[in-house]
Amino acid sequence: MTDARPPYYVTTAIAYPNGVPHIGHVYEAIATDAVARFHRLDGREVRFLTGTDEHGLKMSQTAAREGVTPLEWATKNAARFKAMDELYGVSFDRFIRTTDQDHYAASQELWRRMKAAGDVYLGKYEGWYSVRDEAYFDESETVLAEDGSRKAPTGAPVEWVVEESYFFRLSAYQDRLLKLYEEQPGFIGPDARRNEVLAFVKRGLSDLSISRTTFDWGVPVPDDARHVMYVWVDALTNYITGAGFPADMATFERVWPADLHVIGKDIIRFHTVFWPAFLMSAELPLPKRVFAHGFLYNRGEKMSKSVGNVVDPFALAEGYGVDPVRYFLLREAPFGQDGSYSHEAIVGRINADLANDLGNLAQRSLSMVAKNCEGRAPSPAAFTEADEALLASADALYGKVSAAFDDLALHAALATIWTVVADANRYFANHEPWALRKTDPERMATVLYVTLEVLRSVSILVQPFMPTSAAKLLDALGVAEEARAFASLGGRLTPGAPLPPPEPVFPRYVEPEAAA
Ligand code: ME8
């Protein structure tokens, strides 16, 4: 089926590679990946952009401390971010680095357009600057510490800086931004964030300093090489570079505007105030939606030694497995709110939701089929009311999961799927197919068929979250590769189809001490 719709274009924030990735980075990457996979399975062409944000003072300072060039430092760490994405099955189409050549061209073209619009002028900047946040703060936002030093709202030290700087006339965009938030209420999500931004913009906007002369690790300002662009100007531009701007305008016009920018709550202002203002100035279309997820916090519970430093995404995958981590992170906290993680919480989810609820159901039903139905999908007799009810609840899942994805309620999508897993477990326990084996083999076959059919729907819908495990389940159910998209949800398992011998997909987590 051809889809005339333009591609669904989704992005993550691009991470600072001044260190190695942490749990927040993997959280954002897999959440965005789930969205990308959902739309692909839904028959949509998808473009998924992620990458690294490599310029700025902080990067050059860290590189100097490490005794390497900023590019060497960025290259080394960017490779870790990319490796993390690959390990976690993050299905990006492009991993953009802001040091990529086409990105320089895009940033400079955006600048030229903003300048041509009369929105860029040369002035002097004086203010409280935080190197750590790469941001200036209003005096009213800073706090005077007891020792007389001044701190940014983030707690980072700030210093008074005076420099010649280009400015962007952000003050001129207040009304247009307010109009945008009103006319496009979905532009900022979740709603609580929208209200925050609205209040901020209503208080009035100052012009924004958008160039630096005190260091040179950045994109040169067109026609004035003494200046490099303020890192956020070039960082935000990555989203249009990745869509082909300006080198391939045919692609750009097809792909842009982005359907969704997924970011963390700390960078909402950059994405919902500065970014749309830059685009308005350059006369480019605005993204459809910016959604801010919450932060993940370690609640301080003791972590398993074998897992080591569990904030390290590589150690997490090693300790618990990629798909269980993906499941845990997307199931545990409502997407858009803060969440916490701990060894106990992860193990709880693995053993309850994955091993017990879904894993056992699959393993028990498939083993019975292997033993009693000659390793073929059973042939059902007439369905009872109970069979029909369970099949109907599985059939209703797609609509509910789809609605949850529309709201980016990823946790709710999983919760909904698991209500059907629970229904299926109850059904399996109540109908006791193992007891029917002798008394009523035909009925046994029907109960097993219904169970497998529900597992088929569940496995198809779980693919965006746990692609590898879902694929194993679908292999075990004998579902062909080409019958795994959402369009196939309307079908049914083919009776008599040969099934491979079942392999457990979701092992229980056993503490290494206990296993030894
Ligand atoms: O902000 N929990 O880069 P970054 C959840 N380069 N998310 C977290 C988190 C946590 N504990 N810590 C960080 C930047 N994040 C800029 C972005 S976009 C044009 C430029 C999220 O490496 C954070 O909110 O500090 C952001 O969305 C992403 O990780 C990268 O953060």
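The values are calculated or read from the model by the stated rules, or taken from the named source; none is laboratory data. Model, not experiment: these values are computed from the prediction. In this analysis, Cβ positions are derived from the backbone assuming ideal geometry, glycine residues included, and neighbour counts consider all displayed protein chains. To get the accessible areas, we keep the full protein, side chains included, count just its heavy atoms, and leave off ligands, DNA and RNA. Shrake-Rupley method; radii C 1.70, N 1.55, O 1.52, S 1.80 Å.
Highest mean first, what order results for 273-283, 416-426, 454-464 on Cβ atoms within 10 Å? Don't skip to the end; give the middle numbers.
Values: 273-283: 21.0, 416-426: 17.6, 454-464: 24.6.
The peptides rank, most packed first, as 454-464, 273-283, 416-426.
Please list, ordered by chain and number, the residues whose modelled amide H lies under 5 Å from the amide H of Ile96; skip anything fewer than 5 residues away on the same chain.
Those lying under 5 Å, H to H, from Ile96 are Thr50, Gly51, Thr52.
Name the long-range amide H neighbours of Ala247: under 5 Å, sequence gap of 5 or more, or other chain; modelled H, no Pro or chain starts.
Distant-sequence amide H within range of Ala247: zero hits.
Set the Förster radius R0 to 35 Å, insert the Cβ-Cβ distance between Thr154 and Gln174 as r into 1/(1 + (r/R0)^6), and round the FRET efficiency to 0.05. Spell out each step's value before the answer.
Values: r = 25 Å, r/R0 = 0.71.
The value I calculate is 0.90.
May I ask you to rank Arg212, Arg150 by accessible area, largest first, using a 1.4 Å probe over the protein chains only?
On the way: Arg212 5, Arg150 50 Å².
Final ranking, largest accessible area leading: Arg150, Arg212.
Enumerate the amide H contacts of Ile188 below 5 Å, restricted to partners 5 or more residues apart or on another chain; note that Pro and chain-start residues carry no placed amide H.
Val290
Quick one: which of 41-52, 185-196 comes out on top by average Cβ neighbours within 10 Å, and what's the full order, highest first? Walk me through the intermediate numbers first.
Numbers: 41-52: 21.0, 185-196: 16.8.
Sorting 41-52, 185-196 by mean packing, highest first, produces 41-52, 185-196.
Checking the a/c ratio against 1.5 first, then a/b against b/c, what shape does the Cα gyration tensor give for region 112-232?
Details: a/c = 2.13, a/b = 1.10, b/c = 1.94.
The shape class here is oblate.
Could you order the peptides 382-392, 325-335, 160-170 from most to least packed, using the average number of other C-beta atoms within 10 Å per residue?
Listed from highest to lowest mean packing, they are 325-335, 160-170, 382-392.
Could you give each residue of region 218-228 its phi-based ³J(HN,Hα) in whole Hz, using Karplus coefficients 6.51, -1.76, 1.60 with θ = phi - 60°, and x for Gly or Pro?
For region 218-228, the Karplus curve yields x, 7, x, 6, x, 6, 7, 5, 5, 10, 10 Hz.
Over the chain, with the other protein chains present, what is the accessible area per residue in square angstrom, probe 1.4 angstrom? All intermediate terms of the calculation are to be shown ahead of the outcome.
Details: 21580 Å² over 516 residues.
Accessible surface, normalised per residue, equals 42 Å².
Using each residue's phi in region 276-289, evaluate 6.51 cos²θ - 1.76 cosθ + 1.60 at θ = phi - 60° and report the 3J(HN,Hα) Karplus result to the nearest Hz, with x for Gly and Pro.
Residue by residue, region 276-289 yields x, 5, 4, 5, 4, 4, 7, 6, 10, x, 9, x, 7, 8 Hz.
Of Ile240, Val228, Phe187, which is farthest on the positive side of the dipole of region 185-261, counting Cα position, with +1 on Lys and Arg Cβ, -1 on Asp and Glu Cβ, and the Cα centre as origin?
Most positive-ward Cα: Phe187.
In debye, nearest 20: dipole of region 105-145 around its Cα centre with unit charges on the Cβ of K, R (+) and D, E (-)? Walk me through the numbers on the way to the answer.
Working: 5 positive and 8 negative charges, 70 e Å.
Around 340 debye, computed over region 105-145.
Keeping the other protein chains in place, figure out the carbon and sulfur percent of the accessible area of the chain, with a 1.4 Å probe.
On the way: 11190 of 21580 Å².
It is 52 percent, rounded to a whole number.
Efficiency by 1/(1 + (r/R0)^6): what FRET value for Arg437 and Ala480, r their Cβ-Cβ distance, R0 = 22 Å, to the nearest 0.05? Kindly include the intermediate steps, with their values, before the conclusion.
On the way: r = 29 Å, r/R0 = 1.31.
The computed FRET efficiency comes out at 0.15.
Can you list the HN-Hα couplings for region 189-195, worked out from phi with the Karplus curve (6.51, -1.76, 1.60; θ = phi - 60°), rounded to whole Hz and with x for Gly and Pro?
Using θ = phi - 60°, the values come out as x, x, 3, 4, 5, 4, 4 Hz.
Just tell me which lysines come within less than 29 Å, Cα to Cα, of Lys124; anything on the same chain fewer than 8 places away is out.
Here the lysines satisfying the reach criterion relative to Lys124 are Lys58, Lys115, Lys151, Lys202.
Run the reach check for Lys472 against lysines, Cα to Cα strictly under 29 Å, same-chain hits fewer than 8 apart removed. What comes back?
Lys82, Lys371, Lys400
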